Amino acid sequence: MTTFSLDLRYGLRMLIKKPSFTVVAVLTLALGIGANTAIFSVVNAVLLRPLPYPESESLMWIGQQYSSGMMVAAGEPKFLFWRDNNQSFEAMAATQGLGGGCNLAGGDEAEYVDGVRVSVDFFRVLGVNPAIGRTFTQEEDTEGGDRVVIMSDGLWRRRFGADASLIGKPISLNGQSVTVVGVMPAKFQYLPHIDLFVPMRPSLTGDPNPNATVIARLKPGITLSQANEELKLIAEEYRAAHPRSMEQGESLGARPYQELFTSDVRQWLWILLGAVGFLLLIACANVANLQLTRATARRKEIAIRRALGAGGWRIVTQLLTEGVLLALVGGAAGLLLAVWGTDLLVAALPGQFLPRTQQVTFDWRVLAFAFSAAVVTGLLFGLAPAFQAARIDVNSALKEGAGKGVGGAQRGRLRNVFVVLELATSLVLLVGATLLVRTFANLSAVEPGFDAHDVLTVQVALNGERYDTTNEAAAFYHSAVERISNLPGVESAAVTSTLPLNAQFNMPVFFPGRPDATRAVQFRMITPEYFHVMRIPVKQGRAFTDADNTGAQAVAIVNEAFVHRNLSDADPATQQFSIGRDLGDPVRQIVGVVGDAKQFGLDSDAPPMVFVPIAQVPEKAMTIARRFVSSYFTVRASLAPQSLGAAIKREIGTLDAALPLSEIRPMEQVVARSIAPQRFNMLLIGVFAATGLLLATVGIYGVVSYSVAQRTNEIGIRIALGARAVDVARLILKQGVALTGLGVTIGLAASLALTRVMKSLLFGVSATDPWTFALITLLLAVVALMACYIPARRATKVDAMVALRYE
């Protein structure tokens, strides 16, 4: 420890003695370590840190499992059977989103609040109880039970001023009186923006569609594999009891609950961490080159130490200590950079793109990662110069001009290796970034099938007893659309149950005389002007008219994808179908075919769709739809759409002052949000790639400049013997061209192997796209040669007499 302490103090003095070297090295390391720490803090929060519930490793997600490995949610009857027939779980619960949300009345104005339906054991499964009040009872989770609600701490404080006496008192939700029975702890969060929990009330005759997410807590001593074995048996028991309710190849399985949130982003996060790891590798190579240059200047000092009896390992430990010390200083600076970078990264993340981003903090794992990265980095860039110093020839090093010879040649080769590594790694990053740029450009060029320009969208949750029937809801929409349409600057207005590229809602359709031809399609309830507002073209037949609201004939409009999928051999105008099973929907006549509009995303084909006038929707279908989705006003304006928000709010308030509006935003923003993840990927990887290119450029410039300095005497002799400027420039550029060619070759091979893991992130471009590889190869070659040109040009200006006296 005494020796180590001496080495630390000596290393610190050497860093202070060379401030320019220290500053450049620390900034380079801070950039690499800081970027890695920032990304790791997100990976840690999303993938590594346990869920914020007691003994969260025991929490499992349970669902219908198929031979492909895919797992989906469950229907209410299946959930109840699983819950009542298992022996592996302490408790099992189901949840359903409140797609239509809740309208919370009271105060200055009504507020739209998002919530979730939960079965009675939900809080028991999570292991969290309300901070004040209680959880739901079995009676409250049964059809006909008392109307009760548990709210989040945030809503309780924001809306009710943290009034503890609220427990047991009624509040108005969707026009109904609901009793508050509990308030959750401040740190509790189930999903972002969820403020209300209401009883789900599942039943054996309830919704059989897979709309319920099932979670459970393993009993102590029960493993996941044991639970899965029992679940398979339970699935077979259910199949025997209800053979028509189980699909072929369907079984039952459990996975860690955390996978429910992370399965879609796990690969992306590891790719991101790998990309930023490449950036750290480039930074290490740069600092290693700086260290090699510095070691050359210290050859005589090290030779004296060896002559005085210092062993090779003693020299190695001294220089490694200095390297680690430098890395720790860089790591401390990087940690400060990471704090700022993490806040910026989280703020830039697209909404709901990553789960648990609110939990991104600098805990012990992040700090340990930063410290480990600093130490490993110090060892990486310190090993080469340390072992080179240990092999110094003492006799030659003590002589004047000792910078040359075998040692100098070996150091030159090491510098070349580091530059090749930087160039190869930079090419991989640049290729990945360019593929993401092309992906974003391709998505931006996709025609969505509608015109989002000058359209304002406004969400409204038409819940409550005033709108229990289809006629009441249709009457409200008709009055509201009429009022909005008469506002100055409004060209037309309509209502749809779901916006394109937003939340989706499907229903089955049945064709008369074809009992086996059941198809699940995207279902939309609209008012007649919807196609005109969104400028979705009518390809065949007609659009809806006001007469369809009161007409005796039940009608529907389908899109081209529906025709291609279901009616490829028939004239759509002669075809009929009905919506849902046991919903009381009459047989509908297809009166029109509209163009396809993107629904799931710009990178997905348009699904088969059915449009029905709101006034013709059966009561049961309306109840189901309102359970899962809200409605949206779509308003086409001749002026800036955002300027209409207040006027629309005023007109709706005239019809129903207790009805809040939310998500007032242009349709262009909805489209932009649908490709926000791709934009974020492009920008983030692009920043890493640009930084890597800059560091690689500096690296090759430094190596060639050092080579020019080392060969000054040689260059002077060549000039004295008659070498022209172009001959000298060619001599210097030859080294840069060789390094660039080798780096590009290795980088191309690595890119062909590594970019394949990005396949799922790309659209409209192959992971091995030849144009991308050719463009990046050319770009990197040009930039590298420009970096070589500056020292080459300086070499041509060498004064022969000065050069001959250089040493």
Highest to lowest packing among 786-794, 415-423, scored as the average C-beta count within 10 Å: 415-423, 786-794
Dimensions (Å) - the stretch 413-525, Cα atoms, principal axes, largest first: 83, 51, 28
Phi to ³J(HN,Hα) by Karplus 6.51 cos²θ - 1.76 cosθ + 1.60 over the stretch 692-701, Hz, x for Gly, Pro: x, 5, 4, 5, 5, 5, 4, x, 5, 4
Reachable lysines, given that their alpha-carbon falls under 27 Å from the alpha-carbon of LYS539 and they are not under 8 places away in the same chain: LYS598
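May I ask you to derive the FRET efficiency for ASN486 and SER372 from their Cβ-Cβ distance with R0 = 60 Å, giving the value to the nearest 0.05?
0.35
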Cα convex hull of the stretch 143-287, projected area averaged across orientations, nm²: 16.3 nm²
Leading residue at positive end of dipole, the chain (Cβ point charges), from ALA368, HIS193, LEU155: ALA368
Bins of 5 Å from zero: percent of alpha-carbon pairs in the stretch 55-131: 3, 12, 17, 20, 18, 12, 8, 6, 3, 1, 0
Test item: Cα-centred dipole of the stretch 1-131, Lys/Arg +1 and Asp/Glu -1 on Cβ, debye: 1040 debye
Set of aspartates and glutamates with alpha-carbon distance to LYS797 below 20 Å, sequence-local pairs under 8 removed: GLU714, ASP727, GLU807
Residues of type lysines that LYS219 reaches as a straight line, Cα spacing below 20 Å, ignoring anything fewer than 8 places off in the same chain: LYS232
Distance between the stretch 548-575 and the stretch 270-284 - C-alpha centres, whole angstrom: 54 Å
Theoretical gain in end-to-end length, SER662 to ALA725 [0.36 nm per residue, Cα-Cα removed]: 15.5 nm
Nearest-0.05 FRET efficiency for THR712 and ARG9, computed from C-beta distance (R0 51 Å): 0.90
Residue-normalised accessible area of the stretch 1-81, expressed per residue, 1.4 Å probe, Å²: 43 Å²
Surface share of carbon and sulfur [accessible, 1.4 angstrom probe, percent] for the stretch 58-178: 46 percent
Alpha carbon centroid spacing (whole Å) that separates the stretch 516-546 from the stretch 9-73: 48 Å
Cα coordinate range in the stretch 488-640, projected on the principal axes (Å, largest first): 50, 33, 28
Cut-off under 5 Å, modelled amide H: who pairs with ARG519 long-range: VAL509
At R0 = 35 Å, FRET efficiency that the Cβ-Cβ distance of HIS193 and THR223 yields, to 0.05: 0.50
Histogram of C-alpha separations across the stretch 1-110, 5 Å bin width, %: 2, 8, 8, 9, 10, 10, 8, 8, 7, 6, 4, 6, 8, 6, 2, 0
Carbon + sulfur, % of accessible area of the stretch 461-609 - ligands and nucleic acids excluded, 1.4 Å: 46 percent
Computed helical MRE - 222 nm, the chain, DSSP H runs ≥ 4 contributing -39500 (n - 2.57), nearest 500: -16500 deg cm²/dmol
Contour excess over end-to-end distance, with Cα ends at LYS539 and GLN504 and 0.36 nm allotted per residue: 10.3 nm
Whole-number D in µm² s⁻¹ for the stretch 588-651, Kirkwood Cα-pair radius fed into Stokes-Einstein, 37 °C, 0.692 mPa s: 213 µm²/s
Inter-label distance, nm, simple model (7 Å from Cα along the C-beta direction), LYS734/VAL417: 2.4 nm
Among LEU6, SER662, ASN681 - extreme Cα towards positive end, dipole of the chain, charges at beta-carbon: LEU6
Dimensionless Rg/Rh of the stretch 649-807 - Kirkwood Rh, Rg from C-alpha atoms: 1.34
Cβ-based charge dipole, the chain, positive-most Cα from SER643, SER20, ALA348: SER20
Full-stretch length increase - SER20, ALA347 - with 0.36 nm per residue and alpha-carbon distance subtracted: 114.3 nm
Charge dipole magnitude, Cβ of K and R +1, D and E -1 - the stretch 409-486, Cα centre, debye nearest 20: 1060 debye
Other-chain or far-sequence residues with amide H under 5 Å of ASN209's (modelled H): GLU76
Amide H within-cut-off set for GLU90, under 5 Å, with H built and near neighbours excluded: ARG217, LEU218, LYS219
Inter-site label distance for ALA445 and THR654 at 7 Å from Cα along Cβ, in nm: 4.7 nm
Computed label-point distance, nm, for sites ARG294 and ALA640 using a 7 Å Cα→Cβ extension: 5.4 nm
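From the P(r) of the stretch 714-768, can you give the percent of Cα pairs sitting at distances over 14 Å?
On the way: 1017 of 1485 pairs.
Pairs farther apart than 14 Å: 68 percent.
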Distance from the stretch 148-198 to the stretch 132-147 (C-alpha centre basis), Å: 14 Å
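Treating only the Cβ of Lys, Arg, Asp and Glu as charged (+1, +1, -1, -1), what charge dipole size does the chain show about its Cα centre? Round to the nearest 20 debye. Walk me through the numbers before you get to the answer.
Values: 72 positive and 65 negative charges, 1069 e Å.
The calculation lands at about 5140 debye.
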Mean separation of Cα contacts under 8 Å (6+ apart) over length of the chain, as relative contact order %: 17 percent
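The values are calculated or read from the model by the stated rules, or taken from the named source; none is laboratory data. This is a predicted model, so every value here is computed, not measured. All Cβ positions, even for glycine, are placed from backbone atoms using ideal geometry, and neighbour counts span all protein chains on display. Side chains included, ligands, DNA and RNA excluded: accessible areas come from the protein's heavy atoms. Shrake-Rupley method; radii C 1.70, N 1.55, O 1.52, S 1.80 Å.
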